[in-house]
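> Have a look at this one before I ask anything.
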């Protein structure tokens with residue numbers, strides 16, 4: 001489970017970094033939510049703070065581990081799932097802004113990936129996991145450097161694939177739909 005938890009944390013951290021560096025797409029997505037609080041959340045400072053919070057949660061899971069960090073991860077992904085559902089409902093053609101670009105159409109895949117990561121967080125609350133860094137060190141000590149390196153690579157690839165499910169695949173499906181429609 002440490003691999004799944006690490007991948008979800010890495011994905012959340014990457015999204016947080018993107019929001020801090022490029023807040024405009026997420027700010028537009030926040031305005032598209034059509035909620036009273038959306039105006040407060042759509043400022044660049046608010047988006048950067050949200051991104052910073054995502055980074056803190058990711059680092060707490062990766063470097064700290066434990067049930068509290070997993071609960072924070074589960075809560076973050078639960079909120080992101082709710083945001084994706086809301087965007088699909090009120091602004092289905094809008095971009096999600098998850099990773100700081102304007103080419104990421106919101107899709108049901110956002111709901112699936114965010115929901116799955118929320119469930120991974122809940123599972124890690126019920127069965128607390130060590131810090132990812134500790135797991136890598138333990139794997140390296142018990143099975144050699146290759147095991148630790150393999151764990152890092154697998155988690156990185158899994159996080160990248162989850163990110164592609166939320167960005168590249170919806171963009172491809174959207175482009176395909178535009179070409180297929182006369």
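The values are calculated or read from the model by the stated rules, or taken from the named source; none is laboratory data. Source: prediction; values computed, not measured. Positions of Cβ are generated from backbone atoms using ideal geometry, with glycine treated the same way; all protein chains shown enter the neighbour counts.
> Just checking, does region 160-173 include any residue being under 20 Å from residue 26 (Cα atoms), part of a helix (DSSP H, G or I), in contact with a strand residue (DSSP E or B) (Cβ under 9 Å, 6 or more places away or on another chain) and in contact (Cβ under 8 Å) with a residue 24 or more places away in the chain?
Within region 160-173, one or more residues are under 20 Å from residue 26 (Cα atoms), part of a helix (DSSP H, G or I), in contact with a strand residue (DSSP E or B) (Cβ under 9 Å, 6 or more places away or on another chain) and in contact (Cβ under 8 Å) with a residue 24 or more places away in the chain.
> When you scan region 1-82 for helices (runs of 4 or more DSSP H) that lie fully inside it, which ones turn up with 2 or more residues that are modelled with pLDDT of 95 or more?
Ranges flagged: 2-21, 44-59.
Let's see how each residue does on (1) out of contact with any helix residue (DSSP H, G or I) (no Cβ under 9 Å at 6 or more places or on another chain); (2) more than 18 Å from residue 51 (Cβ to Cβ); (3) touching a residue at least 60 places away in the same chain (Cβ under 8 Å):
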| site | (1), (2), (3) |
| --- | --- |
| 72 | no, no, no |
| 88 | no, yes, no |
| 100 | no, no, yes |
| 105 | no, yes, yes |
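> Okay, moving on. With the condition kept exactly as written, say whether any residue in region 21-30 is without any contact (Cβ under 8 Å) to a residue 40 or more places away in the chain and closer than 17 Å to residue 80 by Cβ.
no
> Another one. Condition first: closer than 18 Å to residue 65 by Cβ, at pLDDT 85 or above and crowded, with 16+ Cβ neighbours inside 10 Å. Can you find one or more residues in region 138-148 that meet it?
The answer is no; no qualifying residue exists.
> Do we have any residue at all in region 109-129 that's farther than 20 Å from residue 70 by Cα, modelled with pLDDT of 85 or more, under 21 Å from the mean Cα position of the chain (by Cα) and loosely packed, with under 13 Cβ neighbours inside 10 Å?
no
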